[in-house]
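The values are calculated or read from the model by the stated rules, or taken from the named source; none is laboratory data. Predicted model only: the values in this text are computed from it and were never measured. Note: ideal-geometry Cβ built from the backbone for every residue, glycine included; neighbour counts use all protein chains shown.
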Amino acid sequence: MATEHAPRAYEGGVSAEGKKFALIVSRFNQTVTDKLLDGALQCLRKNGALIDRDVDVFYCPGAFELPQVASYITVKKQYDAVVCLGAVIRGETPHFDYICQECARGIGAVAQERGIPVLFGVLTTNTFEQAMERAGGKVGNKGYDAALSAVIMANLYTQVIPH
């Protein structure tokens with residue numbers, strides 16, 4: 001009778017201790033992005049990151065620039081994970097669609113090219129109220145969620161590709 005063997009499983013943990021994180025924050029819709037940043041910092045602190053030593057925050061003008069900054073700062077691979085935080089709120093023109101598409105495409109491309117987790121913490125909402133609900137309101141804080149995903153991914157990458 002053949003013995004069944006379980007496959008090797010890899011799963012990232014939630015300890016941020018000893019890991020380096022970059023948070024890139026869009027200044028456009030800053031009322032929202034400040035709350036996303038607060039949530040991300042709260043998550044990293046709660047999970048063991050020393051904020052003054054393990055976390056760098058980079059500000060850029062808007063969501064369109066998030067992938068540009070992510071690309072630039074990941075060249076040296078000094079971070080275990082990068083979190084892009086922004087808020088794009090639909091207006092009366094198609095500008096929303098172009099910004100959202102390029103932001104998402106660019107962040108995904110950086111993650112694939114650099115081999116470093118680059119997380120998408122960008123809200124794309126129809127209204128300011130929807131954005132605020134997702135930045136610490138009744139829907140939670142998506143900045144916190146993106147930072148938690150960054151911690152998990154950083155730990156997963158460490159298991160697969162030990163430093």
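Quick rundown of the values:
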| item | result |
| --- | --- |
| Any hit, the range 141-163, residues being over 30 Å from R8 (Cβ atoms) and loosely packed, with under 13 Cβ neighbours inside 10 Å | no |
| Filter result for L50 (at pLDDT 95 or above and loosely packed, with under 14 Cβ neighbours inside 10 Å) | yes |
| Conditions (1) at positive phi; (2) in contact with a Gly (Cβ under 7 Å, 6 or more places away or on another chain): number failed by N29 | (2) |
| Condition broken by R134, with the remaining ones in (1) loosely packed, with under 14 Cβ neighbours inside 10 Å; (2) closer than 11 Å to A87 by Cα; (3) charged (D, E, K, R) satisfied | (1) |
| Test result for G121, within 12 Å of the chain's Cα centre (by Cα) and among the small types (G, A, S) | yes |
| Members of the range 17-30 found to be among the polar types (S, T, N, Q) and touching a residue at least 40 places away in the same chain (Cβ under 8 Å), listed by number | S26, N29 |
| Any hit, the range 90-100, residues being hydroxyl-bearing (S, T, Y), assigned to a loop (DSSP other than H, G, I, E, B) and at pLDDT below 95 | yes |
